[in-house]
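Participant: Can you keep this structure in mind? I'll have questions shortly.
The values are calculated or read from the model by the stated rules, or taken from the named source; none is laboratory data. No experiment lies behind these values; they were computed from the predicted model shown. Positions of Cβ are backbone-derived with ideal geometry, glycine not excepted, and every protein chain shown enters the neighbour counts. All accessible areas refer to the heavy atoms of the entire protein, side chains included, with ligands and DNA or RNA removed. Shrake-Rupley method; radii C 1.70, N 1.55, O 1.52, S 1.80 Å.
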Amino acid sequence: MGISDVIPLPVAVDKELEKWTIWGRPLTDVWFTTTEKIHEIIDMGPIKNVLNWGRKNSLWFLMQPMGCCGVEMLVFGCPHYDCDRFGIFPRATPRQVDVMIISGYITRKYLPAIKNLWEQIPEPKWVMAIGECAISGGPFYDSYNIVNDTSKFFPIDVFVPGCPPRPEKFIEGFRALQEKIKQREDKRGY
Amino acid sequence: MVLSAITEFAAQEPKIYGLIIGLVAAAILASVINVVAMLLVWLERKVMGDFQARYGPNRVGGRWGVLQLGADAVKLFTKEDVIPRGADKPVFVWAPIVAVATTMLVAGALPFGAVIIDGKEIPLVVANMDISAFYIEAALSIMAISAFMAGWSSNNKYSMLGAFRGIARMIAYEVPMGICVISVAIMAHSLNVVEIVQAQSIWFVIAQPIGFVIFAIALITDLGRMPFDQTEAEEEIIAGYNTEYSGIRFGLLYFQEYIVMLLGSILLVHLYLGGWNGPVIPVISFISPMIWFFMKLIIVLVALIWVRVSLPRFRIDQVTDLGWKILLPLSMVNLAWAVVVGLYFA
Amino acid sequence: MSGEMVAVDYYIPLIMFLIIGAIVPIGALAAVKIISPQKSTFQKRSTYEGGLRPIREAIIQYNVQYYLFAIVFVIFDVEVLFLYPWIYVYASEVIPTLGGVNIAVIDMLIFIVVLLIGLLYAIKKEALRWV
Amino acid sequence: MTTANDVLSALQSAFPGAIEEAKVDPERQLWATIKPDRIVDVCKYLRDNHNFDHYSGAAGVDRIDEGLFEVTELLASHGAHQVVALLKVKTPRDNPSVKSLTGLYWNANWYEREIWEMLGINFEGHPELYPLLLSDELMGAWPWRKDYKGYPDYNTAERAIEKVNPEGYTDYSFTPTEAEIKAGTVPFERPKYPTFREREEMEIKGESEMILHMGPQHAVVPGPFLLDILVDGERVKKAFLDVGYIHKGIEKIMENRTYTQGIPITDRLCYMAALTNNEAYCGAVERLLGIEAPERAQYIRMILEELSRIQSHFLGTAEFLTLIASAVYSPFLYMIIDREDVLSCIESVTGARINHSFVRFGGVRNDLPEGFKDMTLDTLKMIRQKTEEYKELFSSDSIYQKRMEGVGVLSPSDARRLGVSGPPLRASDTPFDMRREDPYLLYKDMDFEVITRKEGDSKARVEVRLDEILESCYIIEQCLDQIPSGPIMAEGVPKRIKPEPGEAYYRVEDHRGEMGFFVVSDGSEKPVKVKARGPVYAYFQALPPLLEGVYIADVVAIAGSMDACTSEVDR
């Protein structure tokens, strides 16, 4: 969290800066209060709207097919449906995505891995549960290996029902998410 | 009158004049290049859509979707910035900065067309060096170093493989590319890009077609675009050297690729396609060179996008083999050809 | 551009470019630091590898074949550098001719042939085999 | 031509007393119960003397009433004859143990591991009895046993306990259900074995070697599975495969549903081949019921399954193209467009894009709509033309040729030994196609060619798929010409399906290879056991040996050319 994260300086500079003071207050404190002030200004409205406009129009999702819905996810990115129209496109690494699509059954074996992937996505991030399996377990609701309630592990913003949902429903789901981001009604309130 | 005053001042205080010109031009050029590169990203997505029977972005900013890139930029600005625990922090932080800064170095020496004032052709270039072709080629290859920095410092296996691939690819194509530049310089009797452009009464693409092909291939390789995008082959090594980069750091690395694509295409136009040469258009003779220049540039850029959507990817060993075993000997042949033809012209 | 511009003067604007080029990303990074949310957790800062814990570090002792590539490159690149001054020499009229041909041309053709033989040797020795 | 009766009489004379009971039903299937100690000899004899060189799989059945486990080994031949031998071995429920066939058939490995982890039947002589599909936590619970108390399990998510493991990563453990606690089956005694990770780490020898995870989330995987490659530089030294990341327990679920309720579950077995899965399951149950679909229904099934084959091959090839090119490679997107046209033909009949649940016991759900014939013929004309274009494109693209030629070569003998089927096997010069081999529906009346290639490399596999699209077009055109009018459901199919006690095995040519369903009935409304023998399971097992010694880029090309479907592997 130091200055060496921003400007390439040795970490020792960080330590040195911690000792500095401005008007009797530590420099790091000043930095934090300034940041907080800026955040307050952003939260007031207009700037936040611009930021959310950017966020909602550039939703990159994690390429992670998990079942029947995974096929529709692939088709969703292709002509006829063409998610690129909305500024939505898939990336393979969680570091560069905004939306995680849970497109299928989460099993006991896969749960730690997918949770880890979710954790590795930088903020702000959203998660969509697509298909019955991701919502409730779907046809496998009583299986011994399925975690049938995904919303316990992920703060899901949009549920898209269907088994599997058609690609149009994917678009609908993303539109709903965009609307939520615009209204600032998503779970994390960006 | 102002012009003459400036010239006088330049004659008296060349150092200060250079400083001022440098600052102003750098600021202007940096913003122009950034905007053009953004438009390039947009152009690529749109043209790719056209090739692939779809629309491309069309929801943000009217029916052409021009504001899509603005939205992407705003998004990247508000993303959290993650530095992995295992990363080599200083190198990790430096890599995108080096990448962007070195592209600016290229931009400083590259002519961006010319204008005709009083029947005199004035090239739009900041540092009109005698060896600018050599300098540009050298500065372009620093990009591979920044990619290596990014890949190596991430402490991620995908990034690491991407970094090694990037370096291997760069060194395999650096030599043929350099020899191509020499061949061109021999025919033009100069290493100055402006003079090379001016020397092209016949475009060098006609004078040395082999050289053009080699240079174009090597350029695509340097840019890391489609048949040669092994460093970030999504299906093999996730996102290659920028796997661990997130938010604005990724944005910078990603964006820099497009800036380099733009600059590389300009270099190709200058070296082989006659730069801004073309018949003077009577009424708008002032910007007639610019029109020719931009037409050629757009054709080259669209051709690059076309190549991207229509070719599968090489395997990395095939790439190095192609560079060392085919292009390098061929470029030597081309050099000999240039010497012989150049002697004839001389 | 009139006036006496020494070679060094060309580099002053270039340094300006370098400075501007460095200020832009640093400014962007600083802005991001201020406006973007920060929630750093242990798992977020862990290395990504398909969602699982990686086995061993990525920075290990790499195969020696990679270095052979680099060495071959260094040799060839340095030799290409020798070609650059030749461009100027070749154009000048001071160099004597041999049978109507500039002697520098003949020299360089020999040099190129030697280079090609060197390349063939490297290929034969499999120095350019990918790891 | 060898018939099942010949094989039976030969067995009875070669092993007097070893065969406890035997029957031939229907004419190409031989059912026999073998004494447990003679099973390996019998199989060896069959393999060596009667060409039973194709190990199709194994099914474990829990006969809780009789206190027995049954393991049924499915043996067949690669085209020498059409007999399927289903050899049953019985073992007591307490301390179950069966002799392993891994010494005879290389691909018995995974089938036996699966039975071991699910039912707890020990396989003597198996070299690596490690869990395959289940997580370590479920090991020892033997979930497929009839007395397993963890099923049904409605509240997994509520029971999950988050904990941080010593390295700082979040892990989950699931407390046992009340039923499990009541039954006293916890704590389970877990078998001792090194974990997958430990087994991998043991293989790292040199300083410059590293293990790269490709998966569970990776651009190469069509669904979550873990492909770990041990690389030195970029050369793969050894590959490890861990599956089960989306193991849903379909076979257990189907045991607890009625027969009809099982049909939608078979859709989800492999979403690209929903119709053939339906067909295989319904065919097996039809055999149990002793009914046959009317002719029109069989034609409708054929038309739709071939259409489904076309769309699957398009998607398979398209996915493969994204792997060797990238997601912006235009032919990939063109193929998806073509596939959408085929899908709308299917959709006009079944009403669904992917999961159709269309085939019924003794018929189909609904008739072809009006105008279907014209629409399909138009589409087929377009598909033919496009496929020819793709073939021309790939044969003229030199980068493609360079990437694919001689990559991942499977020699015919290796392909048979590793147990692959479908396009990869046919690309290795083995004309093995269920539609010819064991004709189901009315394929025996159809005129079509079994596509083969000599090379056996990745390129050949893709070519086989593209050619099969053309053949499928031809079959559909014939079907549309010949289709008679008439009922679409057989007479006298009861509303409540209750087959007589018995067993049936029915195999069809899936889009990816041999798909078989083994259904055991005890006369009740629910099946005792449903075993799905899928083709991708066999490919997956064959993947690690194929990947040894290639570059990372080739891993992608080989895995892609196999056209995998993780959902079916994990089930």
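Participant: Where in the range A:83-173 are there strands (runs of 3 or more DSSP E), lying fully within it, with 3 or more residues that are within 23 Å of residue B:74 (Cβ to Cβ) and of a type outside the set (D, E, K, R)? Explain how you work it out, then say what you get.
Facilitator: On the way: elements: A:89-91, A:99-102, A:126-130, A:158-160.
Because the criterion is at least 3 residues that are within 23 Å of residue B:74 (Cβ to Cβ) and of a type outside the set (D, E, K, R), the strands (runs of 3 or more DSSP E) in the range A:83-173 that meet it are A:99-102, A:126-130.
Participant: Could you list, in sequence order, the residues of the range A:95-124 that are open to solvent by 10 Å² or more (accessible area, probe 1.4 Å) and under 28 Å from residue B:49 (Cα atoms)?
Facilitator: Hits for the range A:95-124: nothing passes.
Participant: Looking only at the range D:426-457, which residues are in contact with a strand residue (DSSP E or B) (Cβ under 9 Å, 6 or more places away or on another chain), outside any loop (DSSP other than H, G, I, E, B) and crowded, with 18+ Cβ neighbours inside 10 Å? First the steps, then the outcome.
Facilitator: Going through the range D:426-457, the residues in contact with a strand residue (DSSP E or B) (Cβ under 9 Å, 6 or more places away or on another chain) turn out to be D:432-438, D:440-441, D:443.
The next check asks that each one be outside any loop (DSSP other than H, G, I, E, B); those that pass are D:434-437, D:443.
Residues satisfying the conditions are D:434, D:435, D:437, D:443.
Participant: Sticking with this structure for a sec: Which of the residues belonging to the range C:59-78 are within 14 Å of the chain's Cα centre (by Cα) and either modelled with pLDDT under 80 or not acidic (Asp, Glu) (or both)? Can you show your working first?
Facilitator: Step one: list which residues in the range C:59-78 are within 14 Å of the chain's Cα centre (by Cα), which gives C:69-78.
Those that are within 14 Å of the chain's Cα centre (by Cα) and either modelled with pLDDT under 80 or not acidic (Asp, Glu) (or both): C:69, C:70, C:71, C:72, C:73, C:74, C:75, C:76, C:78.
Participant: Given the conditions (1) within 20 Å of residue A:66 (Cα to Cα); (2) acidic (Asp, Glu); (3) within 14 Å of chain C (Cβ to nearest Cβ), report the number of the one that residue D:232 does not fulfil.
Facilitator: (1)
Participant: Working carefully through the options C:26, C:71, find the one that is within 27 Å of residue B:156 (Cβ to Cβ), in a helix (DSSP H, G or I) and more than 9 Å from every other protein chain (Cβ to nearest Cβ). Steps first, answer last, please.
Facilitator: Details: C:26 fails: more than 9 Å from every other protein chain (Cβ to nearest Cβ).
Testing whether each residue is within 27 Å of residue B:156 (Cβ to Cβ), in a helix (DSSP H, G or I) and more than 9 Å from every other protein chain (Cβ to nearest Cβ) leaves just C:71.
Participant: Just one of B:277, B:334 is within 14 Å of chain C (Cβ to nearest Cβ) and over 26 Å from residue D:330 (Cα atoms); which is it? Please lay out each step first, then the result.
Facilitator: On the way: B:277 fails: within 14 Å of chain C (Cβ to nearest Cβ).
Just a single option satisfies the conditions, and that option is B:334.
Participant: Residue D:106 passes all but one of (1) modelled with pLDDT of 85 or more; (2) surrounded by 21 or more Cβ atoms within 10 Å (Cβ to Cβ); which number fails?
Facilitator: Of the numbered conditions (1) modelled with pLDDT of 85 or more; (2) surrounded by 21 or more Cβ atoms within 10 Å (Cβ to Cβ), the odd one out for residue D:106 is (2).
Participant: Go through the range B:272-300 and report how many residues are among the hydroxyl-bearing types (Ser, Thr, Tyr) and assigned to a helix (DSSP H, G or I).
Facilitator: Here is the first cut: in the range B:272-300, the residues among the hydroxyl-bearing types (Ser, Thr, Tyr) are B:272, B:285, B:288.
If we keep only those that are assigned to a helix (DSSP H, G or I) too, we end up with B:272, B:288.
Here the count works out to 2.
Participant: Quick one: what pairs do we get from the range A:77-94, first residue closer than 22 Å to residue B:238 by Cα and open to solvent by 10 Å² or more (accessible area, probe 1.4 Å), second assigned to a loop (DSSP other than H, G, I, E, B) and among the aromatic types (Phe, Trp, Tyr), C-beta under 8 Å, 6+ apart or different chains?
Facilitator: A:84/B:55
Participant: So if I check each of D:182, D:146, D:163, which one is of a type outside the set (Phe, Trp, Tyr), more than 17 Å from residue A:110 (Cα to Cα), more than 25 Å from the chain's Cα centre (by Cα) and open to solvent by 20 Å² or more (accessible area, probe 1.4 Å)? Break it down stepwise before answering.
Facilitator: Numbers: D:146 fails: more than 25 Å from the chain's Cα centre (by Cα); D:163 fails: more than 17 Å from residue A:110 (Cα to Cα).
Residue meeting the stated conditions: D:182.
Participant: Another one. What's the total number of residues in the range B:84-114 that are more than 30 Å from residue A:11 (Cα to Cα) and touching a Ser or Thr at 6+ places or on another chain (Cβ under 9 Å)?
Facilitator: So in the range B:84-114, the residues more than 30 Å from residue A:11 (Cα to Cα) come out as B:106-114.
Filter once more, keeping what is touching a Ser or Thr at 6+ places or on another chain (Cβ under 9 Å): B:109-111.
Residues meeting the conditions: 3.
Participant: Now, a different point. If only one of B:70, B:62, B:108 is surrounded by fewer than 24 Cβ atoms within 10 Å (Cβ to Cβ) and either touching an Asp or Glu at 6+ places or on another chain (Cβ under 9 Å) or away from chain A (no Cβ under 12 Å) (or both), which one is it?
Facilitator: Numbers: B:70 fails: either touching an Asp or Glu at 6+ places or on another chain (Cβ under 9 Å) or away from chain A (no Cβ under 12 Å) (or both); B:108 fails: surrounded by fewer than 24 Cβ atoms within 10 Å (Cβ to Cβ).
Result: B:62 is the single residue among B:70, B:62, B:108 that is surrounded by fewer than 24 Cβ atoms within 10 Å (Cβ to Cβ) and either touching an Asp or Glu at 6+ places or on another chain (Cβ under 9 Å) or away from chain A (no Cβ under 12 Å) (or both).
Participant: Residues to consider are D:175, D:266, D:258, D:195; find the one that is over 21 Å from the mean Cα position of the chain (by Cα), in contact (Cβ under 8 Å) with a residue 24 or more places away in the chain and away from chain C (no Cβ under 13 Å).
Facilitator: D:258
Participant: Turning to a different aspect of this structure: Could you list, in sequence order, the residues of the range B:229-240 that are under 15 Å from residue B:164 (Cβ atoms), outside any loop (DSSP other than H, G, I, E, B) and open to solvent by less than 10 Å² (accessible area, probe 1.4 Å)?
Facilitator: Answer for the range B:229-240, where residues must be under 15 Å from residue B:164 (Cβ atoms), outside any loop (DSSP other than H, G, I, E, B) and open to solvent by less than 10 Å² (accessible area, probe 1.4 Å): B:230, B:231, B:236, B:237, B:240.
Participant: Quick one: which of D:338, D:378 is closer than 17 Å to residue D:310 by Cα, among the charged types (D, E, K, R), open to solvent by 50 Å² or more (accessible area, probe 1.4 Å) and in a helix (DSSP H, G or I)?
Facilitator: Values: D:338 fails: open to solvent by 50 Å² or more (accessible area, probe 1.4 Å).
None of the others qualify; the one that does is D:378.
Participant: Can we say residue A:60 is at the interface with another protein chain (Cβ under 10 Å from one of its Cβ atoms), more than 20 Å from residue A:121 (Cα to Cα), among the aromatic types (Phe, Trp, Tyr) and out of contact with any His (no Cβ under 8 Å at 6 or more places or on another chain)? I'd like the intermediate steps shown before the answer.
Facilitator: Details: at the interface with another protein chain (Cβ under 10 Å from one of its Cβ atoms): yes; more than 20 Å from residue A:121 (Cα to Cα): no; among the aromatic types (Phe, Trp, Tyr): yes; out of contact with any His (no Cβ under 8 Å at 6 or more places or on another chain): yes.
No.
Participant: If the requirement is being in a helix (DSSP H, G or I), more than 7 Å from every other protein chain (Cβ to nearest Cβ) and buried (at least 23 other Cβ atoms within 10 Å of the Cβ), which of these qualifies: B:175, B:197, B:205?
Facilitator: Residue meeting the stated conditions: B:197.
Participant: Just for the range A:147-168: of the residues that are touching a residue at least 12 places away in the same chain (Cβ under 8 Å) and open to solvent by 70 Å² or more (accessible area, probe 1.4 Å), which one is nearest to the other protein chains (Cβ to nearest Cβ)?
Facilitator: Once the filter is applied, the top-ranked residue is A:166.
Participant: If you don't mind, another one. Residue C:107: in a helix (DSSP H, G or I), open to solvent by 80 Å² or more (accessible area, probe 1.4 Å) and of a type in the set (Asp, Glu), yes or no?
Facilitator: Working: in a helix (DSSP H, G or I): yes; open to solvent by 80 Å² or more (accessible area, probe 1.4 Å): yes; of a type in the set (Asp, Glu): yes.
Yes, satisfied.
Participant: What is the one condition in (1) open to solvent by 10 Å² or more (accessible area, probe 1.4 Å); (2) away from chain B (no Cβ under 13 Å); (3) modelled with pLDDT under 90 that residue D:384 does not satisfy?
Facilitator: Answer for residue D:384: the failing condition is (3).
Participant: Looking only at the range B:266-296, how many residues end up being aromatic (Phe, Trp, Tyr) and buried (at least 21 other Cβ atoms within 10 Å of the Cβ)?
Facilitator: Within the range B:266-296, the first condition is being aromatic (Phe, Trp, Tyr), and the residues that meet it are B:272, B:276, B:286, B:292-294.
With the extra rule that they be buried (at least 21 other Cβ atoms within 10 Å of the Cβ), the set shrinks to B:272, B:276, B:292-293.
The total comes to 4.
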